[in-house]
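Visitor: Dropping the structure in here first, questions after.
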Amino acid sequence: KEMAYIPLDPESRTKGKAAIDVIGNPLGKSGSSFVQQMLIFSFGSLAASTPCLGLVLLIIITGWLGAARSLNNQFEELSAQQLLEDEKLAQEEAQEVSKAKAENGQLQMA
């Protein structure tokens, strides 16, 4: 879950973490408890609802893996884009330094 915050600026990272900790975690726990209780009431016992709970768990794990894969792809794209921008900036700075040295050399020769 921490990987989602890496490309964010510090303020957005702090606000995002707070939102997840304050809203997301309790909502997830409440939702899972609600689903479990509804299945127990529907099937009559925990033992009878266990296969259905297993199916729900499998669906959630599949969704989680898909979300993690998607997040990884987005992170790699952003990282590659940032790397290209950094390389371009470094080249521009190198050209400016070379130009300044060349101008300095011409002034010293004159």
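The values are calculated or read from the model by the stated rules, or taken from the named source; none is laboratory data. Please read these numbers as outputs of a predicted model, since none were measured by experiment. Please note: Cβ atoms are built from the backbone with ideal geometry, for glycine as well, and neighbour counts cover all protein chains shown. For accessibility, only protein heavy atoms count, side chains too; no ligands or nucleic acids. Shrake-Rupley method; radii C 1.70, N 1.55, O 1.52, S 1.80 Å.
Visitor: Determine the pairs where a residue that is over 28 Å from SER32 (Cα atoms), located within the range 60-82, has a partner that is open to solvent by 60 Å² or more (accessible area, probe 1.4 Å) with Cβ atoms under 6 Å apart, the partner being 6 or more residues away or on another chain.
Guide: Listed pairs, sorted by first residue: LEU78/PRO7.
Visitor: Also: For VAL56, all conditions in the list (1) within 30 Å of ALA80 (Cα to Cα); (2) of a type in the set (Val, Ile, Thr); (3) surrounded by 11 or more Cβ atoms within 10 Å (Cβ to Cβ) hold save one; what is the number of the exception?
Guide: All conditions are met except number (1).
Visitor: Give the residues of the range 5-36 that are basic (Lys, Arg) and not in a helix (DSSP H, G or I), sorted by residue number. It would help to see each step written out before you state the result.
Guide: Taking the range 5-36 as the starting set, the residues that turn out to be basic (Lys, Arg) are 13, 15, 17, 29.
Once the filter is applied, which keeps residues that are basic (Lys, Arg) and not in a helix (DSSP H, G or I), the range 5-36 yields nothing.
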